[in-house]
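Have a look at the structure below before the remarks.
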Amino acid sequence: MKRKEVNSSMIASIGYDPKTFVLEIEFNSGTLWQYSAVEKSIFNKMMKADSTGRFFLDYIQDCYDEIRLR
């Protein structure tokens, strides 16, 4: 999945597959996670958020099933 770099102290890049509703987040620590069943509107709001990290903490973390890829 292609990811786009973001300006965040927590997150390095974010990708989204609208066909499978999978959100992929690479953190600055180097870990890579996938979140399933994420609505496209949530992805769009995350990409427009003033703070990508705060949006992640408030609306993604602990809200969706997750898989650590690395």
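The values are calculated or read from the model by the stated rules, or taken from the named source; none is laboratory data. No experiment lies behind these values; they were computed from the predicted model shown. Every residue, glycine as well, gets a Cβ built from its backbone with ideal geometry; the counts of neighbours run over all protein chains shown. Side chains included, ligands, DNA and RNA excluded: accessible areas come from the protein's heavy atoms. Shrake-Rupley method; radii C 1.70, N 1.55, O 1.52, S 1.80 Å.
Each residue of the range 5-13 is assigned a 3J(HN,Hα), and the resulting list reads 5, 10, 8, 8, 6, 10, 10, 8, 7 Hz, derived from the Karplus form 6.51 cos²θ - 1.76 cosθ + 1.60 (θ = phi - 60°), x at Gly and Pro.
Annotation: amide H of Ser13 within the under-5 Å range of Val6, Glu26, sequence separation 5 or more or interchain, hydrogens built in the peptide plane.
Coupling constants for the range 32-41 follow from the phi torsions by the Karplus curve (6.51 cos²θ - 1.76 cosθ + 1.60, θ = phi - 60°), and in residue order they are 10, 10, 10, 10, 9, 6, 8, 5, 4, 5 Hz; glycine and proline get x. Compute the signed sum of charges (Lys and Arg +1, Asp and Glu -1) over the other residues within less than 12 Å, Cβ to Cβ, of Val22. Every neighbour counted, the sum reads -2. The residues of the chain present an accessible area of 66 Å² per residue when probed at 1.4 Å with all protein chains retained.
Amide H contacts of Cys63 (H built 1.01 Å from N, in plane; Pro and chain starts excluded): no residue 5 or more places away or on another chain comes under 5 Å.
Considering only DSSP states other than H, G, I, E and B, which trypsin sites (Lys or Arg not before Pro) in the range 1-32 qualify as loop sites with at most 11 other Cβ atoms within 10 Å? Could you put the intermediate results ahead of the total?
Details: sites: Lys2, Arg3, Lys4, Lys19; in loops: Lys2, Arg3, Lys19.
Listed in order of number, the matching sites are Lys2, Lys19.
Give me the Kirkwood hydrodynamic radius of the chain, using the inverse of the mean 1/r over all pairs of distinct Cα atoms, in Å to one decimal. For the chain, inverting the mean 1/r across all distinct Cα pairs yields 11.8 Å. How much length would be gained if the chain were fully extended between Cys63 and Ala49, taking 0.36 nm per residue of separation minus their Cα-Cα distance, in nm to one decimal? So the chain would gain 3.3 nm between Cys63 and Ala49. Split the accessible area of the chain by element, probe 1.4 Å, and carbon with sulfur accounts for 48%.
Just to confirm the filter: which chymotrypsin sites (Phe, Trp or Tyr not before Pro) across the range 1-65 are DSSP coil and have at most 11 other Cβ within 10 angstrom of their Cβ? The partial results should precede the final answer.
On the way: sites: Tyr16, Phe21, Phe27, Trp33, Tyr35, Phe43, Phe55, Phe56, Tyr59, Tyr64; in loops: Phe21, Tyr64.
Nothing satisfies the criteria.
Net charge dipole, the chain: roughly 260 debye, given to the nearest 20, about the Cα centre with Cβ charges of +1 for Lys and Arg and -1 for Asp and Glu.
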